[in-house]
């Protein structure tokens, strides 16, 4: 592979910044799952408390303040809710908008 194939252009959206041998990026992974093009639009992200703390540790101060004050993550912002009842793996779930029904 040449260097251009390996290098990825930076994306304005954090979900697009994941690289294969980079350090773990739970925020990027969760946002990439939330904004999957094959799925309905995300309505809410639910995470276990320990995942929430990992997310807070990864965010820059402005993003952290937005999450702590308003409960919003990413851009465009998605509401994030802490839910201790979620299973330990994967530790999060994406609540999606209902599909639009066709008018009869």
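Read-outs throughout are calculated quantities, based only on the coordinates presented, and are distinct from any laboratory measurement. Predicted, not measured: the structure shown is a model, and the values here were computed from it. Here the Cβ is made from the backbone with ideal geometry for all residues, glycine too, and neighbour counts use every protein chain on show.
Quick one: in region 30-62, which of the residues that are assigned to a strand (DSSP E or B) and surrounded by 15 or more Cβ atoms within 10 Å (Cβ to Cβ) is nearest to the chain's Cα centre (by Cα)?
Taking region 30-62 and keeping what is assigned to a strand (DSSP E or B), we get 42-47.
Next, only the ones that are surrounded by 15 or more Cβ atoms within 10 Å (Cβ to Cβ) stay: 42, 44-47.
Working: 42: 10, 44: 10, 45: 8, 46: 10, 47: 10 Å.
Restricting to residues being assigned to a strand (DSSP E or B) and surrounded by 15 or more Cβ atoms within 10 Å (Cβ to Cβ), the top hit is 45.
Go through (1) in contact with a helix residue (DSSP H, G or I) (Cβ under 9 Å, 6 or more places away or on another chain); (2) touching a residue at least 24 places away in the same chain (Cβ under 8 Å); (3) more than 21 Å from residue 97 (Cβ to Cβ) for residue 56 and report which single condition fails.
The number of the failed condition is (2).
Please determine whether any residue of region 63-77 is assigned to a strand (DSSP E or B), in contact with a strand residue (DSSP E or B) (Cβ under 7 Å, 6 or more places away or on another chain), loosely packed, with under 14 Cβ neighbours inside 10 Å and in contact (Cβ under 8 Å) with a residue 24 or more places away in the chain. Reasoning before the result, please.
As a first pass, look at region 63-77 and keep what is assigned to a strand (DSSP E or B): 72-73.
Filter again for in contact with a strand residue (DSSP E or B) (Cβ under 7 Å, 6 or more places away or on another chain), leaving 72-73.
The next check asks that each one be loosely packed, with under 14 Cβ neighbours inside 10 Å; those that pass are none.
No, the conditions are met nowhere in region 63-77.
Just wondering, is there one or more residues in region 94-104 that are closer than 20 Å to residue 49 by Cα and assigned to a loop (DSSP other than H, G, I, E, B)?
Keep residues of region 94-104 that are closer than 20 Å to residue 49 by Cα, which gives 94-95.
So of that shortlist, the ones also assigned to a loop (DSSP other than H, G, I, E, B) come out as none.
No, there is no match, as no residue in region 94-104 is closer than 20 Å to residue 49 by Cα and assigned to a loop (DSSP other than H, G, I, E, B).
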